[in-house]
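Chemist: Let me give you the structure first, and then I'll get to my questions.
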Amino acid sequence: MATRYDEKGKFFTDKISKEQVPVVLQTTYGRIEGFIYVMAGARLKDEINNAEQFIAVTNAKIYNLNDECTYISHFVSVNRDHIIWLLPQAEIQEVFGCTGGDD
């Protein structure tokens, strides 16, 4: 792999550096837990907004609307139009009753 530098010292390589982000996605058909890859230093929101129509999720556990795990796969491609919400697993807090963020 060749590394090239411009006059300001910025470097360019043939390989794109990405970081693995554990996420939970709620879709119209159920929930998916797995990993999405984002550009190094980029926000998850930006990666999702700039993504193609289908988003790759690896090491996926797929749950139906009854919260039953129905599939486990090394890879699933999710249509962006079916995502209701998405959050990084690092942001999840165990809250009994979900009464609010200040409790």
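Chemist: Work out from phi, with θ = phi - 60° and the Karplus expression 6.51 cos²θ - 1.76 cosθ + 1.60, the ³J(HN,Hα) of each residue of the stretch 78-86, listed in order in whole Hz, and give x for Gly and Pro.
Modeler: Residue by residue, the stretch 78-86 yields 10, 6, 4, 5, 9, 7, 8, 8, 9 Hz.
Chemist: Report the charge-dipole magnitude of the stretch 16-90 in Debye, nearest 20, computed about the Cα centre from +1 at each Lys and Arg Cβ and -1 at each Asp and Glu Cβ.
Modeler: Here the size comes out at about 100 debye.
Chemist: So who's got an amide H within less than 5 Å of the one on GLU19, skipping anything under 5 residues away but keeping other chains? H placed 1.01 Å off N, in plane.
Modeler: VAL38, MET39, ALA40
Chemist: Given a cut-off of under 8 Å on Cα pairs at least six residues apart, what relative contact order in percent is computed for the stretch 16-90?
Modeler: Working: 146 pairs, mean separation 27.0, N = 75.
Averaging sequence separation for qualifying contacts and normalising by length gives 36 percent for the stretch 16-90.
Chemist: Please turn the phi angles of the stretch 21-27 into ³J(HN,Hα) values with the Karplus equation 6.51 cos²θ - 1.76 cosθ + 1.60 (θ = phi - 60°), one per residue in order, whole Hz, x for glycine and proline.
Modeler: Whole-Hz 3J(HN,Hα) from phi for the stretch 21-27: 10, x, 9, 10, 10, 9, 10.
Chemist: Would you grab the residues whose amide H sits under 5 Å from the one on TYR29? Only those 5+ places off in sequence or on another chain, please, with H modelled 1.01 Å from N.
Modeler: none
Chemist: Check each of the GluC sites (Glu not before Pro) in the stretch 14-71 and keep only those in coil by DSSP with at most 12 other C-beta atoms within 10 angstrom; list them in order.
Modeler: The qualifying sites are GLU52, GLU68.
Chemist: Same structure again: What length, rounded to one decimal in nm, is gained on full extension from ASN50 through to GLU7, with 0.36 nm per residue of separation minus their alpha-carbon distance?
Modeler: Extra length available between ASN50 and GLU7 comes to 12.6 nm.
Chemist: Mind listing the Cα extents of the stretch 16-90 along all three principal axes, in Å, largest one first?
Modeler: 36, 21, 21
Only the coordinates and a few stated rules stand behind these numbers; no lab work does. As the structure is a computational prediction, the values presented were derived from the model and not from experiment. Counting neighbours? That spans all protein chains shown, and the Cβs are built from the backbone with ideal geometry, glycine included.
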